[in-house]
Structure formats: C-alpha cells, structure tokens
Amino acid sequence: MAAQTHLFPCLKDNFGVLIHDPQSGATASIDAPEAAPVEAALQKTGWKLSDILVTHHHADHTQGIGELKNRHKCRVVAPRAESQRIAHVDETVGEGDTVKVGGLQGRIIDTPGHTAGHISYFFPVDKLAFVGDTLFSIGCGRVIEGNPEMMWQSLLKLRALPDDTQFYCGHEYTDANIRFAKTVEPNNKALAARADEVKKLLASGKATIPATIGAEKAANPFLRADDAEVAKSVGLGGSPAWKVFAEIRERKNRF
Ligand code: ZN
Ligand code: FE
C-alpha cells in the first residue's frame, strides 16, 4: 500500500508533515517545529506517532521533539553529524543509511550547506523526498554553516532524484522566492507558469508544496546555476556552476 502524507502549517511559516504507512500503522513526523500542531494533525488523521525524522538541528525544526517523545514514546532519528546539538535522539543516520517507518523505507542523503550536517530523507518506492531547509520551492536554504560549493553539491543530489519525486520542504517561502527568481530569469516560461499556479494556491488558502523535482528543475534558479543563460544573466557566463550558485544566493540574501 502506498504511503500517505499529511501537511499542515506550524509556527509562522514552517511546514509540518506526517508520513504514514497504512499497512503497519507507523507514522513519522518530519521534524517537529512545535508539538501542538503535530498533535492536532495526529488527531485529525487518527494516526499514531511512531517516529520523528529530523533534518537538521535548528530550533524551528526540533523544539517540539521533547514534548512529542514524552507523550508518544516515539523514536527520534537525527543526522549523525548534528546529534550532539539535538536533544532526545535515539538513532543517528548519514549518507546511504536507510530508515524504516513501519514497512516504508527511506534513504538518507547528506545535504550539507544550510547546516553542516543537514540530511534529507528519500522514500524511493513512493518517490517522496523530505528536504528540510536545503531545497525550497523556487528557492533554497540560506548557506549558514557550510559554503556555496557544498550547498550546490547538495542541491545537485536532490536534483538527480526522479523527476516525478514529490518533495516537501521546511517552509512556505514560495511566493517571495518567485519574486526573486523572476529577477534572475524574467523570461523563464516554467517559472511564469509556476507563479500563476502558486498565486491560485495561495489565494485559496492552500500550501504550495509538495512540488515535483522535474517541475522544480525547470523553474528554480538555484537548481539552474549550470545553465549557460542563467550564468549570463548574473554576469558570470563561463564560470563554474557553484560560483553562479553563490552569486544567485548572495543576490537573494540582499533581495
Ligand atoms: Zn533551518
Ligand atoms: Fe527552518
């Protein structure tokens, strides 16, 4: 049976998301921005929390862990490289490891850059990816602990997932990301189409994710730093892709 997901807002602009295995009843919360909305989501779905899969140590992804673990005795899985900075961790994972949520099997992809030990979770059978603050729709996370080259490599790993992979990110930033992306690629038709779609989704109170990797590749400037036109548009024609990426990221920081 296919995995089920449930997406809901947390904090100011974080996403909470549950992944559920209908066969076994197992349910994982991807990160735990705060406990109350996760509890409400569990109530609404009738699912029982068995696991928390942490992407990185930032408080807006971890501060609900203690309360949820106390109540549900769930297992907490976290990036090995950041386990010292996250409370209540039961199991640490890194690149190539697998994690089971009941019968669902996720693969760990190291995606450092936003934080030094950031990881993403990819469930190949259901083609679901949980990418935390590495990739956003039409954007990417700020490069805080790593460097631009590292972040670019992480984004390439996510870009290499199957086109029909649906990805869930940590924040609803899509609208602002689109406004910036248009300054890099004003004539990108896929971006214009995504802008229309996002406008409609937001107007009807809906989330703009999940999005697919395939659609994202065509419209997200941060995944397009190795496109000659994108390089030219930021004045870096012929430069290595990571430098183009660094320039786009720098411009977004100042936007
Ligand atoms: Zn973060
Ligand atoms: Fe965050």
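Assorted remarks:
- For region 1-41, a residue qualifies if it is open to solvent by 10 Å² or more (accessible area, probe 1.4 Å) and in a helix (DSSP H, G or I), and the qualifying residues are ALA36, PRO37, GLU39, ALA40.
- Cross-chain or 6+ apart pairs with Cβ under 9 Å, region 162-179 first and modelled with pLDDT of 95 or more and in a helix (DSSP H, G or I), then open to solvent by 70 Å² or more (accessible area, probe 1.4 Å) and away from ligand 1 (no atom under 16 Å from the Cβ): ASP175/LYS199; ALA176/PHE255; ILE178/LYS199; ARG179/PHE255
- Residue in region 44-68 that is farthest from ligand 2 (Cβ to nearest atom), counting only those that are open to solvent by 50 Å² or more (accessible area, probe 1.4 Å) and charged (D, E, K, R): LYS48
- Candidates VAL99, VAL54, filtered to the one that is under 18 Å from the mean Cα position of the chain (by Cα) and either within 16 Å of ligand 1 (Cβ to nearest atom) or not β-branched (Val, Ile, Thr) (or both): VAL54
- Residue-level check: of (1) away from ligand 2 (no atom under 16 Å from the Cβ); (2) more than 29 Å from GLY205 (Cα to Cα), ALA41 misses just (2).
- Number of residues in region 75-120 that are in a strand (DSSP E or B) and not β-branched (Val, Ile, Thr) equals 11.
- Residue in region 142-154 that is assigned to a helix (DSSP H, G or I), open to solvent by 10 Å² or more (accessible area, probe 1.4 Å) and within 16 Å of ligand 1 (Cβ to nearest atom) present: yes
- Contact map, region 244-255: first residue of a type in the set (Ser, Thr, Tyr), second residue open to solvent by less than 80 Å² (accessible area, probe 1.4 Å), Cβ cut-off under 9 Å, separation 6 or more or different chains; the map is empty.
- Inside region 200-239, residues that are part of a loop (DSSP other than H, G, I, E, B), under 25 Å from the mean Cα position of the chain (by Cα) and closer than 21 Å to GLU149 by Cα make up a count of 5.
- Residues in region 61-74 that are under 13 Å from VAL38 (Cα atoms) and in a helix (DSSP H, G or I): 9 in all.
The values are calculated or read from the model by the stated rules, or taken from the named source; none is laboratory data. Note that the structure is predicted; figures quoted are calculated from it, not measured. Because the Cβ atoms are built from the backbone with ideal geometry, glycine has one as well, and the counts that use them run over all protein chains shown. The protein model used for the area step is the full one, side chains on, heavy atoms only, and it has no ligands, DNA or RNA in it. Shrake-Rupley method; radii C 1.70, N 1.55, O 1.52, S 1.80 Å.
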